[in-house]
Amino acid sequence: MKYSALSLLRNALSHNRNWPEAWRSPKPKKKYDALVIGGGGHGLATAYYLARDHGMKDVAVLEKGWIGGGNTGRNTTIVRSNYLWTEAALLYEKSMQLWEGLSQDLNYNVMFSQRGVYNLGHTLQDMRDIERRVSANRLNGIDAEVVTAVQLKKNIPQLNTSPTSRYPILGASLQRRAGVARHDAVAWGFARAADRLGVDIIQQCEVTGIRRDGDGIIGVDTTRGAIDADRVGVVVAGHASVLASMAGIRLPIQSHPLQAFVSEPLKPVLDTVVMSNAVHGYISQSDKGELVIGAGIDAYNGYAQRGSFPTIEHAMQAIIELFPIFSRVRMLRMWGGIVDVAPDACPIISKTPVNGLYFNCGWGTGGFKATPGSGWVFAHTIANDEPHELNRAFDLQRFESGALIDEHGAAAVAH
Amino acid sequence: MLLIDCPWCGERAETEFSYGGEAGITRPKDPAALSDAEWADYLFMRNNPKGAHRELWNHSQGCRRWFGIERDTLTYRIAGTFRLHGKDEG
Ligand SMILES: Cc1cc2nc3c(=O)[nH]c(=O)nc-3n(C[C@H](O)[C@H](O)[C@H](O)COP(=O)(O)OP(=O)(O)OC[C@H]3O[C@@H](n4cnc5c(N)ncnc54)[C@H](O)[C@@H]3O)c2cc1C
Ligand SMILES: [Zn+2]
């Protein structure tokens, strides 16, 4: 059923009891043309674009838990494309352009809200880096501007711009097209749209082994039986190394816990997104009124979906430094995800030494914004057995050639 | 919060320590003899297991010495700490 004002009305009349399920829950078949492992936003988007743009409809998404239950449903939903290096900027900008039409494309409201993102500068060097990044963005056709402390105070009156604070705010970069989206809706929207094109979405199906015949892929073992496939795309975020070791390949990925919190709901108080690299905190307000706050990663490797208290304390200090007005707001919930960090803070969207096996990982702390673009280029890579121009630089080979794309610290803040 | 048993100072809070990554990676004696793939493996590739992990820690706010820990990356339980003898633990 197509969602529309009419269908809303019709279903309201029957007390919303007759909505059809948004996607089927089929039994896995014995064989598919292509499998996507991981039912996060990236995996679901990959399946959707495989079916829509490449005519590959005999596709299944295998998810060990429930779709969107990984980092997709745990992130602070900041979407922006103001990355420094051209390779990264063009990839994230492709994603931004897909976001701008996504609700229409999917016939599902992903609540993409272009409320702007400010990246604060606290030192002269920060401001020089901001000038440089804003200029680089503009050369790549990405909207970006430098904002002074005076303008900041006007736009965000609650922000502490006092020149005597411990880390005084000197200015910021602003991307007006940036913003936030509803994370669950992104997973559900892609799932529903992919399902309508014939993709099987199979939840509660954990991949436990990857079967290869010499240099080629044959299929996977799962908790719901063996499934054969000609092509397998792996998009499992924090579990990338676990799947890689099943396939007998090595990745330059480290898994770390990353946390976020929401506060009790407040009246509207913050109508944009504020991020600070120097004090390391980022904050926005959800439509429900909760402040959505993100922390940094725990330094050590971890697969537990929870983080440490010192990290929470650090994030809170940062937020109170920026917004003293929030010092008495109570936190409602906290949680963690497992992020897959690459040495250059850039993704790996790549063929592998195994024919027919592809990996998409390394998005680390900042891949939500890339969800549509990542799926779009990964679908291209799987369908053509060749990367798209936009992800050619993001291959596994770069760690041998040395052509890393160093976005650590270069791109505003990590998220 | 992890409680870490420094081999020299005893049990201290996690905040006194810094993390040094996977243990047992030694710098190749003759880097020039390595292929690009072998060098990349040394520099970047990591086991990153879900489960038992031997890793380096430094007691940076204490005795400032390096040592090793075997920790489970899922439960965070620490099985033990060990001193580095320069031989297999870099
Ligand atoms: C606290 C936090 C805040 C963040 N904030 C931002 C932000 O503001 N902006 C931004 O752009 N990014 C942010 N990120 C990063 C972003 O969430 C991720 O990069 C992105 O969501 C990754 O999407 P994904 O689909 O690849 O991974 P996931 O959504 O994690 O999906 C991977 C899926 O694979 C499944 N899986 C794993 N192993 C198996 C297996 N063996 N078999 C089958 N399935 C398996 C998992 O269950 C999971 O559902 C944040 C992350 C966290 C944790
Ligand atoms: Zn000590």
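The values are calculated or read from the model by the stated rules, or taken from the named source; none is laboratory data. Fair warning: this is a prediction, and the values are worked out from it, not measured in the lab. Cβ atoms come from the backbone with ideal geometry, glycine included; neighbour counts cover every protein chain shown. Quick note on the areas: whole protein, heavy atoms, side chains included, nothing else; ligands and nucleic acids left out. Shrake-Rupley method; radii C 1.70, N 1.55, O 1.52, S 1.80 Å.
For the range A:350-371, how many residues are within 11 Å of ligand 1 (Cβ to nearest atom) and either part of a helix (DSSP H, G or I) or more than 14 Å from chain B (Cβ to nearest Cβ) (or both)?
Residues that pass the stated criteria total 9.
Of all residues in the range A:307-320, which are more than 13 Å from chain B (Cβ to nearest Cβ) and over 15 Å from A:Ser284 (Cα atoms)?
Matches in the range A:307-320: A:Gln317 only.
Only residues in the range A:80-98 that are without any contact (Cβ under 8 Å) to a residue 24 or more places away in the chain and buried (at least 24 other Cβ atoms within 10 Å of the Cβ) count as the first member; pair them with residues that are of a type outside the set (Phe, Trp, Tyr) and not in a loop (DSSP other than H, G, I, E, B), Cβ under 9 angstrom, at least 6 apart or cross-chain, and list the lot.
Listed pairs, sorted by first residue: none to list.
Take B:Trp57 and tell me if it is aromatic (Phe, Trp, Tyr), surrounded by fewer than 17 Cβ atoms within 10 Å (Cβ to Cβ) and touching a residue at least 40 places away in the same chain (Cβ under 8 Å).
no
Return the total of residues in the range A:202-223 being surrounded by fewer than 16 Cβ atoms within 10 Å (Cβ to Cβ) and outside any strand (DSSP E or B).
Matching residues across the range A:202-223 total 5.
Return a yes/no flag: does the range A:11-22 have any residue that is in a loop (DSSP other than H, G, I, E, B), touching a helix residue (DSSP H, G or I) at 6+ places or on another chain (Cβ under 7 Å) and in contact (Cβ under 8 Å) with a residue 40 or more places away in the chain.
The answer is yes, given that some residue of the range A:11-22 is in a loop (DSSP other than H, G, I, E, B), touching a helix residue (DSSP H, G or I) at 6+ places or on another chain (Cβ under 7 Å) and in contact (Cβ under 8 Å) with a residue 40 or more places away in the chain.
Restricting the search to the range B:53-90, which residues are more than 9 Å from chain A (Cβ to nearest Cβ), in contact with a Ser or Thr (Cβ under 8 Å, 6 or more places away or on another chain) and of a type in the set (A, V, I, L, M, F, W, C)?
Residues satisfying the conditions are B:Phe67, B:Ile69.
Answer with yes or no whether B:Ala37 is within 9 Å of chain A (Cβ to nearest Cβ), free of Cβ contacts under 8 Å to residues at least 24 places away in the same chain, open to solvent by 40 Å² or more (accessible area, probe 1.4 Å) and away from ligand 2 (no atom under 16 Å from the Cβ).
Against the criterion (within 9 Å of chain A (Cβ to nearest Cβ), free of Cβ contacts under 8 Å to residues at least 24 places away in the same chain, open to solvent by 40 Å² or more (accessible area, probe 1.4 Å) and away from ligand 2 (no atom under 16 Å from the Cβ)), B:Ala37 qualifies.
Of the residues A:His239, A:His256, which is part of a strand (DSSP E or B), within 14 Å of chain B (Cβ to nearest Cβ) and in contact (Cβ under 8 Å) with a residue 12 or more places away in the chain?
A:His256
Under 9 Å between Cβ atoms, which residue pairs at least 6 apart in sequence (or on different chains) link something in the range B:61-80 that is assigned to a loop (DSSP other than H, G, I, E, B) with a partner that is hydrophobic (A, V, I, L, M, F, W, C) and within 16 Å of ligand 1 (Cβ to nearest atom)?
Listed by first residue and then by second, the contacts come to B:Thr73/A:Ala304; B:Leu74/A:Ala304; B:Thr75/A:Ala304; B:Tyr76/A:Ala304.
Those residues that are under 18 Å from A:Phe326 (Cβ atoms) and either surrounded by 14 or more Cβ atoms within 10 Å (Cβ to Cβ) or aliphatic (A, V, I, L, M) (or both), I need them from the range A:116-157; list them, please.
Once the filter is applied, which keeps residues that are under 18 Å from A:Phe326 (Cβ atoms) and either surrounded by 14 or more Cβ atoms within 10 Å (Cβ to Cβ) or aliphatic (A, V, I, L, M) (or both), the range A:116-157 yields A:Tyr118, A:Leu120, A:Leu152, A:Lys153, A:Asn155, A:Ile156.
Regarding the range B:8-20, can at least one residue be identified that is within 30 Å of A:Ala247 (Cβ to Cβ) and not in a helix (DSSP H, G or I)?
Yes: the range B:8-20 contains one or more residues that are within 30 Å of A:Ala247 (Cβ to Cβ) and not in a helix (DSSP H, G or I).
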